[in-house]
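Participant: Sharing a structure below in structure tokens format, with a few things to ask.
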Amino acid sequence: MDFKAIEEMVKTMDNSKLGYLEVNWHGISIVMRKQGEPDCTRHEENSNILVEEKKLDIDEVVEEKKVKSETEGLQENKKDETVVKEDLNVKEIVSPIVGTFYRSSGPDKAAFVEVGTKVKKGDTLCIVEAMKLMNEIQSEVDGEVVEILVENNQMVEYGQSMFKIKAN
């Protein structure tokens, strides 16, 4: 290590937020501490004890996180299985065209369906207006409306889910 490298190290240390730096390189040991910083040097025996204590603490934390992660993973799997079982009977009704979604046939009319409404195959669920044509969207299954995914007067895309119906 030449004088220029040591000088660069001192400048870097001075410009950084580090308070203490110890470098051991090819038998050369350099210790730098900024003025006002506590003496961070330790006796060999104490530092080994501290290192082992820290290692034990880290091992405990890693083990604790591993157990927690495995537990959360099992809980997530149970949730996923429940959702899959529930979703097997749920049919999504998607928009066959791009247009404006209407829940009723007019602004002063009642909505065709609400959450909880029982529907039969062929019942009108909504209207999608495209190029001034009103297209009635009908239920593809017998069942109960469990979710309406689109707001009234909202634009819908081709293939966008509009309703979830729990099939009978």
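Participant: Every residue in segment 128-165 that is of a type in the set (D, E, K, R), within 19 Å of Leu88 (Cβ to Cβ) and assigned to a loop (DSSP other than H, G, I, E, B), please. Even if it seems obvious, please write down each step before you answer.
Facilitator: Applying the first criterion (of a type in the set (D, E, K, R)) to segment 128-165 yields 129, 132, 136, 140, 142, 144, 147, 151, 157, 164.
With the extra rule that they be within 19 Å of Leu88 (Cβ to Cβ), the set shrinks to 140, 142, 144, 147, 164.
Selection gives Glu140, Asp142.
Let's see how each residue does on (1) farther than 24 Å from Ala167 by Cβ; (2) in the same structural domain as Gln160 (by the TED database); (3) not small (Gly, Ala, Ser); (4) not in a strand (DSSP E or B):
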site: Ser105; (1), (2), (3), (4): yes, yes, no, yes
site: Lys109; (1), (2), (3), (4): yes, yes, yes, yes
site: Val115; (1), (2), (3), (4): no, yes, yes, yes
site: Lys121; (1), (2), (3), (4): no, yes, yes, yes
site: Cys126; (1), (2), (3), (4): no, yes, yes, no
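Participant: I'd like to check something: does segment 141-155 contain any residue that is buried (at least 17 other Cβ atoms within 10 Å of the Cβ) and within 12 Å of Val98 (Cα to Cα)?
Facilitator: No, segment 141-155 contains no residue that is buried (at least 17 other Cβ atoms within 10 Å of the Cβ) and within 12 Å of Val98 (Cα to Cα).
The values are calculated or read from the model by the stated rules, or taken from the named source; none is laboratory data. Fair warning: this is a prediction, and the values are worked out from it, not measured in the lab. For neighbour counting, all protein chains shown are included, and Cβ atoms are generated from backbone atoms with ideal geometry for every residue, glycine included.
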